[in-house]
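Down below is the structure, laid out as C-alpha cells.
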Amino acid sequence: SPASVVVALLAAAGAGIAAGSMTDFGASGALLGAGAAVCALIGLRVAAYDYPSRFVHFTAGVALPLAAAAPAVYLLGRALA
C-alpha cells in the first residue's frame, strides 16, 4: 500500500540520520538512507512478479533488493562524501 512505502522511506531516512550522526555524513545520511530504501523497494516490487514459484519468489525477494541497493548506495555515498 502507499502508506507502507511512505513509512519505509521515513524509517530509512531516520536510520540514515542516526547512522550519519555516528559518521562523517551527518544529515546527508538521511538522503543516503532514503536512496537505499528506494532501491530496496524497487527490488521488492520486481521480485513480487514471480509469485507462483514460492522458492524463487522468496530467494529473489532477498537477493534483488540487496543487488539493486548496493551499487546505488555506493554511488550515493561517494557523491555525498
Check: Just the accessible area for Leu41, please: 1.4 Å probe, Å², rounded to the nearest 10?
Finding: 50 Å²
Check: What is the extension gain from Val6 to Met22, computed as 0.36 nm multiplied by their sequence separation minus the C-alpha to C-alpha distance, in nm to one decimal?
Finding: 3.3 nm
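The values are calculated or read from the model by the stated rules, or taken from the named source; none is laboratory data. The shown structure was predicted, so the numbers you read here are calculated from the model rather than taken from an experiment. Quick note on the areas: whole protein, heavy atoms, side chains included, nothing else; ligands and nucleic acids left out. Shrake-Rupley method; radii C 1.70, N 1.55, O 1.52, S 1.80 Å.
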